[in-house]
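Student: One structure coming up, written as structure tokens, with questions to follow.
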Amino acid sequence: MATTTLTTSSSSTGIAASAGLSALFGLVLIVLAGHVQADALHAAAHDVRHATGFPCH
Amino acid sequence: MPRHMTCATPPASPATDPMLSRILTSAVIAGFAAGLLAAVLQLVFVQPVLLHAELYESGQLIHSSAEGGVSAQQDVVGFDPLRDGLSVLFSGVVYVGYALILVAVMAVATDRGWGRIDARTGILWGIAGFVTVQFAPALGLPPELPGVAAADLQQRQIWWGGTVLATGLACGLLAFGRNWMAWASAIVLFALPHLIGAPQPEVYTGPTPPELAGEFATRALGVGLAVWISLGALAGALWQREMREAGIPQAA
């Protein structure tokens, strides 16, 4: 019983931390590709930003 | 002998956590495939409208409603290796980013026993993702052509972010809520960004024909829906495979 509890709780912690980290990576990529207005980044991602519906210009 | 089993799941740091690598593997494959599909569909269906509009933005064509206006048929088809190559790249980055968040939420849902995840239910996840990051923001800020009038960029980005957050929460509450309180909150969260209203321009000054703007917005949304359904189904299938390989049972 104790083993079951330990296993479940450590796997939940693993999932929470892993999911949080993965979501954070995702957020960074979307902000970089979709929102940051630095000139080079804006020019390179321009067409994708418009076609994907990000606010642009 | 079975005593060894007690150490089968040692507490792992996130960096070496097999769960993290399972999430990343599913997300990167599904996101990259969706990004490629998005790039192809956008280059075929959306880019010609954008290039057409740029002829008006740059002044090469002038929109007039007077008799004998400008031809609606313009030769804008063509492949620009650098420009379109960058679009393929950034399309991949955007959809890998979305997939990392999508699969992270799928992992939490599996852990909480919120329902089975596979290719079929993944389609629903994909539709929810589309509504969250494309359709709901488009109700206030339609995908815009270059050259159209728009309000202050930062204000639009804030409204966009708030709308995505509220709509995502609303989708989660609608799908996994267990009582009327949760469902009522979902409806409020769906409606709230639109009751507040997106920032709109003071005046319409764009040089672009409204017909092109309408065509652009609907095509961008259509492509978005197709890509998100594919992303959801693929992420669901890959996640189901990862769970099966890890021996983690899924809710029925």
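Taken together, the values in this text are just the output of simple stated rules run on the coordinates, not laboratory data. Given the structure is predicted, the values throughout are model-derived calculations rather than measurements. Cβ sites come from the backbone with ideal geometry, for glycine too, and all protein chains shown count toward neighbours.
Student: Return the whole-Å distance between the Cα centroid of the stretch A:27-48 and the Cα centroid of the stretch B:164-195.
Tutor: 29 Å
Student: Set the Förster radius R0 to 25 Å, insert the Cβ-Cβ distance between B:V203 and A:A43 as r into 1/(1 + (r/R0)^6), and round the FRET efficiency to 0.05. Let's see the in-between values first.
Tutor: Values: r = 27 Å, r/R0 = 1.08.
Given R0 = 25 Å and the Cβ-Cβ separation, E is 0.40.
Student: As I understand it, the value is the acute angle between the Cα axis of helix B:153-176 and the longest principal axis of the Cα atoms of chain B; what does it come to in degrees, rounded to 10?
Tutor: Result, in degrees: 40.
Student: What does the charge count near B:L212 come to, summing +1 for each Lys or Arg and -1 for each Asp or Glu among other residues with Cβ under 13 Å from its Cβ? Could the numbers behind the result be given before it?
Tutor: Details: positive: B:R219; negative: B:E54, B:E57, B:E144, B:E211, B:E215.
Net charge around B:L212: -4.
Student: Within a 10 angstrom radius of each residue's Cβ in B:22-30, how many Cβ atoms of other chains show up on average? Whole number is fine.
Tutor: Numbers: counts 3, 7, 4, 0, 1, 4, 1, 0, 0.
For peptide B:22-30, the averaged partner shielding equals 2.
Student: OK, next. Simple spin-label model, 7 Å along Cα-to-Cβ: B:S21 to B:I158 in nm?
Tutor: 4.4 nm
Student: What is the average number of partner chain Cβ atoms found within 10 Å of a Cβ in B:88-99? Kindly include the intermediate steps, with their values, before the conclusion.
Tutor: Details: counts 1, 4, 12, 6, 3, 7, 12, 5, 5, 11, 6, 3.
Averaged over the peptide's residues, the number is 6.
Student: Right, another one. Work through the residues other than A:A17 whose Cβ is under 12 Å from its Cβ and net out their charges, Lys, Arg +1 and Asp, Glu -1.
Tutor: -2
Student: So if each residue of separation counts as 0.36 nm, and I subtract the Cα-Cα distance between B:A151 and B:S64, what length gain in nm does that give?
Tutor: Values: separation 87, 0.36 × 87 = 31.32 nm, distance 2.41 nm.
Stretched out fully, the B:A151 to B:S64 stretch lengthens by 28.9 nm.
Student: Using a Gaussian network model of chain B with C-alpha springs under 10 Å, which one of B:A170, B:A233, B:A182 is most mobile by mean-square fluctuation?
Tutor: Per the Cα network of chain B with a 10 Å cutoff, B:A182 tops the list.
Student: May I ask for the longest run of chain B untouched by GluC sites (Glu not before Pro) that are loop-located per DSSP and have at most 13 neighbouring C-beta atoms (other than their own) within 10 Å? Before the final figure, lay out each step's value.
Tutor: Details: sites that count: B:E67, B:E202.
With GluC sites (Glu not before Pro) excluded where exposed in loops, chain B gives B:68-201 as its longest stretch.
Student: Semi-axes, largest first, in whole Å: what does sqrt of 5 times each Cα gyration tensor eigenvalue give for the protein assembly as shown?
Tutor: Result for the protein assembly as shown: semi-axes of 42, 21, 16 Å.
Student: Which whole-number percent of Cα pairs in the stretch B:88-166 have a distance greater than 20 Å?
Tutor: On the way: 1404 of 3081 pairs.
So the portion of pairs separated by more than 20 Å is 46 percent.
Student: Let me ask something else. What is the distance, in nm, between label points placed 7 Å from the Cα along the Cα-to-Cβ direction at B:T218 and at B:V40?
Tutor: Distance between the two pseudo-spin positions: 2.5 nm.
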